[in-house]
Amino acid sequence: MSQIIFQVLRGMEVFFLLYLLLYASYLFLSVAMGAWRLYRLDRMRAIKNELKHEFYFPVSILVPAHNEEVTILDNVQSLLKLDYQLYEVIVVDDGSRDNTSQVLIDYFHMKEVSRPIRLSIPCKAIKAVYEAPDTRIRLTLLRKENGGKGDALNAGINASQYPYFLCIDADSVLQWDSLERIVQPVMEDDDVVAVGGLIRVAQCIRFSPGEGVNAHRELSYHLPWNFLTCMQVMEYDRSFLASRILLDGFNGNLIISGAFGLFKKNVVIAAGGYATDVLGEDMELVAKLHAYCRNNMERYSIRYEPNAVCWSQAPSTLPDLFKQRRRWHIGLFQCITRYRFMLLKSRFGMVGTVSYLYYLLYELYSPIIEVIGLAGMVTAAVVGMLNTTFMLRFYLLFAVYSSILTITAFFQRIYTQNIRISRQDVFRACIMCLIENIFFRFVFDFIRLNAFLGYRKNKETWGTIKRVRHNEAR
Amino acid sequence: MRMQVRAVIYFYIFICAVLLIFNLLYIFRSDRVRRRQQKKIRHWNTYLDSFAEGSPVWDSGKVFRRLQNIQELMAFHEALESRSQETEAFFRENGSLILALAKTYREKEAMEQAFFAYVVAAFYPPEKDQQDPLPEQLLGYLDRSTVYSRENVLSALYALGNIQPVEHAFLLMSQRGWYHDSRLLSDGLNRFQGEKELLAARLWSRRGQLTECFQVGILRFADTLSGDGFAENFLRALQTEQLPTETRFALVRYFRRHAVPCARPVLLQLVKGETARDRELAIAAAASLASYPDDETRQVLKEALRSPNWYVRQNAARSLKILGMTWEETGIDSGKDRYAVEMLEYILGARPAAEEEKKEKEVLAAV
């Protein structure tokens, strides 16, 4: 018996060392590649290696909103001030129980119209269509029966009139040049079917109250005082710098955040639009586009544009963070299981191997693997096989390594975006990186494990997160 | 095993620490770099002032040596941006220096070539001389190019105003199967400093050797030119040639802004859907017919309101509105065709039911 336990523990040791080695290599490669690509992009911009065009691509911006009366006006106002020539804004009120629609109707003096909408993708009934008569940019409001975020986006796609659509969360604010930046990959290559942008934490910034086109241009950057929000700043910077840019290198991104993504409408319609039965409709759509294009042998590319920035509110209380992350993890689980046919299939190339395996082993199953690791550790201690010194040193080594990666990603962002931060913020950023990597990862693991355990109960629960106006968010 | 894993992680930590130090140095150095660049700009301003006064402080050899460096070229570019008069004189008098620089930059990476082409596009005066060797050097940049350097090279060629190199560039890019967005192409062609009509005619004559995006770019460009000089040629191409779908769409759209009587029957035929292979073109044709006001057009558009294609119905309704048709004149029976009614209601802004309701209210108010 003891021989068997010994063999199992030996096997576990090898597995975990390999698991961590692969993870460390992945993080290292992604941060190094991300840093190199951002540095190159920065240089390219400085020496006019960019496509400038006065007309650009006409884009429909879709804003699904459910009980967003607090943030919706800020969001729409900022969208109407973007530095872009031709676009429309479509707000989809997905059966809100609060005054989301009324806030917009009153502010923009919107009128109900009898606009015919072509149902290219099925969606719940649209009850009314409103248009704003006096805005420079065409602003439409759809009021529909509640059907979830995916369903709201499908309704928005049906009502949109331009060949590209951009989805953005109602609690987010686009940087003034984001639209111009996010269409760049489409101008470079006709095969681009989707582009993801960079999501950053909105609580870090304060826009200057400029007028007209100058509004929302100047921004001041500070790390938020809220501990949880500050922690998420570090986490966002690392994940958006690290993973996305590396996966982008081989057209392998499996996620374009629902908070900010550009899509080619006809391809999305052909693929069937957003799924309405999952919580991670953003990831599901990207996986669906990969599957659709590869099954139909269409040339396609899904890109990530790190210079297109969207400022999104991060949850500032533990219960809200808990709800958000649980939803993300359930969405990931649903997507990974739905597209399991991609795994290790040659037709799906690197998407089916590197990307899928990464999300499967290091995102989806990581809490379970970590729990097994902890159980193995306890067992090893009981049978006297645990080398405590080695374990502690190894843990600290890995924590320091992760912290250095995170702080690298943070400073990379600071300099490529020409943001000035105070010495105090530099100090706080370093401390936060350490705390995040030594302690906070266990909080996330707990949340993700909880998502697994409560899957049956929560698989259709979106959860409401407390919203505040952007100027009050910090 | 344990040792190897630790060694790998120590190695990664070392590289990341280097990255981190690089980032920090970059941030702290950025002010110094900016100051140094400002100093270079001041030097170039001094030189350009002295050049304008006829006694340049640097000889052409020194100017050449300095401009070989991309940072100096950036400073030179910034110094030129704040001036208007001296730039043309500088480039005219230093043609051979610019040519030598163009040759030097041919050996550099695509990113730097793109910037050199950008400077040429921004400041080099139009050169109609067919024998000018500068365009040839710029065309050489296309050999190992990126989409950005291609765009900047094209911009430089447009600025030089010579037709042949532009034609050459289009052919080269098509042969190599490089995609270039048609909007960028048409915008760029509009900045051409020579005879635009001649350029459009020459490029269109080579359409057989050009890929779809270039054909569409030329058609969009031709669409912006005044006069209907291309209409006959384009109509013949639409009727007789096997062209890519997007090119055919662009041809049909051309006849919206350039309404020539001979195009009307072709557009009507397209909207009626009589030519099976061109069924999709009915969408564009329904929009173009807004420029052909007569009874037959109105009749065909009214029939198009019942088209099974949603976009044909939408464009037909819009065209009818532009042609001044009222709800009553359409004669649509709201009981028979709900889709046509909905579209007209929205586009014409006339809602029979709502109007009746309004009238009823007026009557009640009067009583």
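Which members of segment A:388-402 meet the condition of being open to solvent by 10 Å² or more (accessible area, probe 1.4 Å) and either at the interface with chain B (Cβ under 9 Å from one of its Cβ atoms) or within 24 Å of A:Val309 (Cα to Cα) (or both)? The answer is A:Phe390, A:Arg393, A:Phe394, A:Leu397, A:Phe398, A:Val400. For B:Leu73, the criteria (1) over 11 Å from B:Phe123 (Cβ atoms); (2) modelled with pLDDT under 95 hold in every case but one, which is (2). Filtering segment A:28-44 to residues that are farther than 17 Å from A:Glu305 by Cα and more than 8 Å from chain B (Cβ to nearest Cβ) leaves only A:Leu29. Just one of (1) under 19 Å from B:Tyr118 (Cα atoms); (2) within 17 Å of the chain's Cα centre (by Cα) fails for B:Gly194. It is (2). Yes or no: segment B:6-28 includes at least one residue that is more than 10 Å from chain A (Cβ to nearest Cβ) and small (Gly, Ala, Ser). Yes, some residue in segment B:6-28 is more than 10 Å from chain A (Cβ to nearest Cβ) and small (Gly, Ala, Ser). All of B:Leu199, B:Leu251, B:Leu235, B:Leu225 fail the test of being farther than 29 Å from A:Lys52 by Cβ and either at pLDDT below 95 or out of contact with any His (no Cβ under 8 Å at 6 or more places or on another chain) (or both), apart from B:Leu235. Of all residues being modelled with pLDDT of 75 or more and of a type in the set (Val, Ile, Thr) in segment B:10-29, which is least open to solvent (accessible area, probe 1.4 Å)? Just the residue, please. Across segment B:10-29, the extreme among qualifying residues is B:Ile13.
Pull up segment B:93-131, narrow it to residues that are in contact with a Gly (Cβ under 8 Å, 6 or more places away or on another chain) and more than 21 Å from A:Ala46 (Cα to Cα), then point me to the one that is surrounded by the fewest Cβ atoms within 10 Å (Cβ to Cβ). Quick ask: steps written out before the conclusion?
Of the residues in segment B:93-131, the ones in contact with a Gly (Cβ under 8 Å, 6 or more places away or on another chain) are B:106, B:126-128.
With the extra rule that they be more than 21 Å from A:Ala46 (Cα to Cα), the set shrinks to B:126-128.
On the way: B:Pro126: 14, B:Glu127: 19, B:Lys128: 12.
Filtering first and then ranking leaves B:Lys128.
Pairs are defined by a Cβ separation below 6 Å, a sequence spacing of at least 6 or placement on different chains, a first member in segment B:60-76 that is in contact (Cβ under 8 Å) with a residue 40 or more places away in the chain and over 10 Å from B:Leu101 (Cβ atoms), and a second member that is assigned to a helix (DSSP H, G or I) and open to solvent by 10 Å² or more (accessible area, probe 1.4 Å); the pairs so defined are B:Ile70/B:Glu112. Kindly indicate whether any position in segment A:219-230 is open to solvent by less than 10 Å² (accessible area, probe 1.4 Å) and either within 20 Å of A:Leu332 (Cα to Cα) or at pLDDT 95 or above (or both). Within segment A:219-230 (the criterion being open to solvent by less than 10 Å² (accessible area, probe 1.4 Å) and either within 20 Å of A:Leu332 (Cα to Cα) or at pLDDT 95 or above (or both)), the answer is no, since none of the residues qualifies.
The set of residues in segment A:1-58 being over 28 Å from A:Val354 (Cα atoms) and of a type in the set (Phe, Trp, Tyr) consists of A:Phe6, A:Phe55, A:Tyr56, A:Phe57. When the residues of segment A:90-111 are narrowed to those that are over 10 Å from A:Leu141 (Cβ atoms) and of a type in the set (Ser, Thr, Tyr), which ends up nearest to the chain's Cα centre (by Cα)? For segment A:90-111, the residue satisfying everything is A:Ser96. The sole residue among A:Leu73, A:Leu27, A:Leu22 that is open to solvent by 20 Å² or more (accessible area, probe 1.4 Å), in a helix (DSSP H, G or I) and within 30 Å of A:Leu361 (Cα to Cα) is A:Leu22.
Residues in segment A:381-390: is at least one in contact (Cβ under 8 Å) with a residue 24 or more places away in the chain and touching a helix residue (DSSP H, G or I) at 6+ places or on another chain (Cβ under 7 Å)?
Taking segment A:381-390 as the starting set, the residues that turn out to be in contact (Cβ under 8 Å) with a residue 24 or more places away in the chain are A:383, A:385.
Checking the rest, the ones that are also touching a helix residue (DSSP H, G or I) at 6+ places or on another chain (Cβ under 7 Å) come to A:383, A:385.
Yes.
Scanning segment A:45-57 for residues that are at the interface with chain B (Cβ under 7 Å from one of its Cβ atoms) and open to solvent by 30 Å² or more (accessible area, probe 1.4 Å), we see that the one that is nearest to the chain's Cα centre (by Cα) is A:Glu50. In the set A:Phe240, A:Phe263, only one residue is hydrophobic (A, V, I, L, M, F, W, C), in contact (Cβ under 8 Å) with a residue 40 or more places away in the chain, part of a strand (DSSP E or B) and closer than 30 Å to A:Leu82 by Cα; that residue is A:Phe263. Entry remark, segment B:154-172: residues being in contact with a Phe, Trp or Tyr (Cβ under 7 Å, 6 or more places away or on another chain) and not small (Gly, Ala, Ser) number 4 in total.
Is one or more of the residues making up segment A:59-69 within 24 Å of the chain's Cα centre (by Cα) and within 14 Å of chain B (Cβ to nearest Cβ)? Working first, answer last.
First, the residues of segment A:59-69 that are within 24 Å of the chain's Cα centre (by Cα): A:59-69.
With within 14 Å of chain B (Cβ to nearest Cβ) added as a condition, the list becomes A:59.
Scanning segment A:59-69, I find at least one residue that is within 24 Å of the chain's Cα centre (by Cα) and within 14 Å of chain B (Cβ to nearest Cβ), so the answer is yes.
Residues of segment A:151-187 that are at pLDDT 95 or above and in a helix (DSSP H, G or I): A:Asp151, A:Ala152, A:Leu153, A:Asn154, A:Ala155, A:Gly156, A:Ile157, A:Asn158, A:Ala159.
The criterion of at least 3 residues that are at pLDDT 90 or above is met by the following helices (runs of 4 or more DSSP H) wholly inside segment B:280-367: B:281-288, B:295-304, B:310-322. With respect to (1) under 17 Å from the mean Cα position of the chain (by Cα); (2) more than 17 Å from A:His53 (Cβ to Cβ); (3) modelled with pLDDT of 95 or more, the lone exception for A:Val193 is condition (1). I'd like the full set of residues that are touching a Phe, Trp or Tyr at 6+ places or on another chain (Cβ under 7 Å) and either assigned to a loop (DSSP other than H, G, I, E, B) or aromatic (Phe, Trp, Tyr) (or both), limited to segment A:52-70. Selection gives A:Tyr56, A:Phe57, A:Pro58. Within segment A:85-110, the set of residues being within 20 Å of A:Ser60 (Cβ to Cβ) and either of a type in the set (Lys, Arg) or within 14 Å of chain B (Cβ to nearest Cβ) (or both) comprises A:Gln85, A:Leu86.
So that you can scan it fast, the table gives a plain yes or no per residue for (1) β-branched (Val, Ile, Thr); (2) in contact with a helix residue (DSSP H, G or I) (Cβ under 7 Å, 6 or more places away or on another chain); (3) touching a residue at least 60 places away in the same chain (Cβ under 8 Å); (4) more than 30 Å from A:Gln324 (Cα to Cα):
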| site | (1), (2), (3), (4) |
| --- | --- |
| A:Leu119 | no, yes, no, yes |
| A:Ala155 | no, no, yes, no |
| A:Asn158 | no, no, no, no |
| A:Ser172 | no, yes, yes, no |
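Selection of first residues in segment B:31-44 that are of a type in the set (Lys, Arg) and of second residues that are open to solvent by less than 100 Å² (accessible area, probe 1.4 Å) and assigned to a helix (DSSP H, G or I), restricted to Cβ pairs under 8 Å at least 6 apart or on distinct chains, gives the following pairs, ordered by first then second residue: B:Lys40/B:Gln71; B:Lys40/B:Glu72; B:Lys40/B:Ala75.
Whether any residue in segment B:175-182 is charged (D, E, K, R) and assigned to a loop (DSSP other than H, G, I, E, B) is what I want to check.
Yes; the residues of segment B:175-182 include at least one that is charged (D, E, K, R) and assigned to a loop (DSSP other than H, G, I, E, B).
Is there a residue being within 14 Å of A:Asn253 (Cβ to Cβ), assigned to a helix (DSSP H, G or I), touching a strand residue (DSSP E or B) at 6+ places or on another chain (Cβ under 9 Å) and of a type in the set (Val, Ile, Thr) anywhere in segment A:298-311? No, that holds for no residue.
Among A:Arg413, A:Arg423, A:Arg448, which is more than 17 Å from A:Leu241 (Cβ to Cβ) and surrounded by 22 or more Cβ atoms within 10 Å (Cβ to Cβ)?
Working: A:Arg413 fails: more than 17 Å from A:Leu241 (Cβ to Cβ); A:Arg423 fails: surrounded by 22 or more Cβ atoms within 10 Å (Cβ to Cβ).
The unique qualifying residue is A:Arg448.
The values are calculated or read from the model by the stated rules, or taken from the named source; none is laboratory data. Computed from a predicted model, the values in this text were never measured in an experiment. Every residue, glycine among them, receives a Cβ derived from its backbone with ideal geometry; neighbour counts consider all protein chains shown. Areas reflect the complete protein model, heavy atoms only, side chains present, ligands, DNA and RNA absent. Shrake-Rupley method; radii C 1.70, N 1.55, O 1.52, S 1.80 Å.
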